[in-house]
Amino acid sequence: MSRMMPQYGLVQEDVETMLGEPGCTAFFEQAVVGRDPKRVLSWITSEVFGQLAYRSQRLVGSSLTVPQFTQIIDALSSDAITSGQAKQLLIEFMDGEQRTVDELIAAHGWEVISDDGKLRVISKQLLDTHPKEVARYLKGQTRRLNFFVGKLMQATNGQAKPQNASEIMKELLEARR
């Protein structure tokens, strides 16, 4: 335990959490190679543990492998998928899916839209079709931004990065002042 804290920049509570799940520290140490330890730990202790609890399983007895998990983390880190898509991939792997992350991304049509120009076109169309909501935003109801980000995510089938969607929508809304 004391070795993991300085080596990976973890606190005692993080290590104790992993020690509470059989096989977790070995899983972590295999998965963390070349990756951000905090991100790997966060995904293990929140998403993986959440799925294990939901399924009443242990990590050691689950169908999730380290290579599958690291493919998810790598795809997420490279912005190839959104966090929501990453969570769905985790569920599929824990359900026994054997295809790779790339194969699943292609099968689901989940390529993230990183073309801001395309997102701007869709965003402008959404703003034009919801003039009352635009007016509310411009009158100070800035929480209406969430409405538009949700509409953009819906229009792109979740393929837009939420942060990009929010930034573009805010910029376009503010330009209408």
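The values are calculated or read from the model by the stated rules, or taken from the named source; none is laboratory data. Bear in mind the structure is a predicted one, so any value in this text is a computation, not a measurement. As a convention, Cβ positions derive from the backbone with ideal geometry for all residues, glycine included, and neighbour counts pool all protein chains shown. The protein model used for the area step is the full one, side chains on, heavy atoms only, and it has no ligands, DNA or RNA in it. Shrake-Rupley method; radii C 1.70, N 1.55, O 1.52, S 1.80 Å.
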Legend entry - Number of the exception - Ile81 against (1) open to solvent by 60 Å² or more (accessible area, probe 1.4 Å); (2) modelled with pLDDT under 95; (3) closer than 18 Å to Ala160 by Cα: (1)
Inset, instruction - Could you look through region 1-36, keep only residues that are surrounded by fewer than 13 Cβ atoms within 10 Å (Cβ to Cβ), small (Gly, Ala, Ser) and out of contact with any Pro (no Cβ under 7 Å at 6 or more places or on another chain), and pick out the one that is farthest from Gln71 (Cα to Cα)? - result: Ser2
Inset, instruction - Please work out if Ala75 is closer than 27 Å to Ala155 by Cα and open to solvent by less than 60 Å² (accessible area, probe 1.4 Å). - result: yes
Legend entry - Single unsatisfied condition, Gly158 versus (1) open to solvent by less than 60 Å² (accessible area, probe 1.4 Å); (2) under 23 Å from Leu41 (Cα atoms); (3) not in a helix (DSSP H, G or I): (2)
Legend entry - Every pair of residues 6+ apart whose Cβ atoms lie under 7 Å, when the first sits in region 146-166 and is in contact (Cβ under 8 Å) with a residue 24 or more places away in the chain while the second is open to solvent by 40 Å² or more (accessible area, probe 1.4 Å) and not hydrophobic (A, V, I, L, M, F, W, C): Gly158/Gly84; Gln159/Glu111; Lys161/Asp79; Asn164/Asp116
Inset, instruction - Take the residues in region 84-111 that are in contact (Cβ under 8 Å) with a residue 40 or more places away in the chain and either β-branched (Val, Ile, Thr) or outside any helix (DSSP H, G or I) (or both), then tell me which one is surrounded by the fewest Cβ atoms within 10 Å (Cβ to Cβ). - result: Gly109
Inset, instruction - Kindly establish whether Ser62 is open to solvent by less than 40 Å² (accessible area, probe 1.4 Å), touching a residue at least 12 places away in the same chain (Cβ under 8 Å), among the hydroxyl-bearing types (Ser, Thr, Tyr) and part of a helix (DSSP H, G or I). - result: no
Inset, instruction - Could you figure out which of (1) at pLDDT 95 or above; (2) exposed (fewer than 15 other Cβ atoms within 10 Å of the Cβ) isn't true of Leu138? - result: (1)
Inset, instruction - Output the residues belonging to region 127-155 that are more than 23 Å from Ile113 (Cα to Cα) and part of a loop (DSSP other than H, G, I, E, B). - result: Lys139, Gly140, Gln141, Thr142, Arg143
Legend entry - Criterion violated by Tyr54 - all others in (1) open to solvent by less than 40 Å² (accessible area, probe 1.4 Å); (2) out of contact with any Cys (no Cβ under 9 Å at 6 or more places or on another chain); (3) not small (Gly, Ala, Ser) satisfied: (1)
Inset, instruction - Please list, ordered by first then second residue, the pairs with beta carbon atoms under 9 Å, 6 or more apart or interchain, first in region 112-129 and at pLDDT 90 or above, second loosely packed, with under 15 Cβ neighbours inside 10 Å. - result: Arg120/Glu171; Ser123/Glu171; Leu127/Arg176
Legend entry - Selection status of Met18, part of a helix (DSSP H, G or I), modelled with pLDDT under 95 and farther than 23 Å from Glu92 by Cβ: yes
Legend entry - Condition met for Gln51 (part of a helix (DSSP H, G or I) and either basic (Lys, Arg) or more than 14 Å from Phe93 (Cα to Cα) (or both)): no
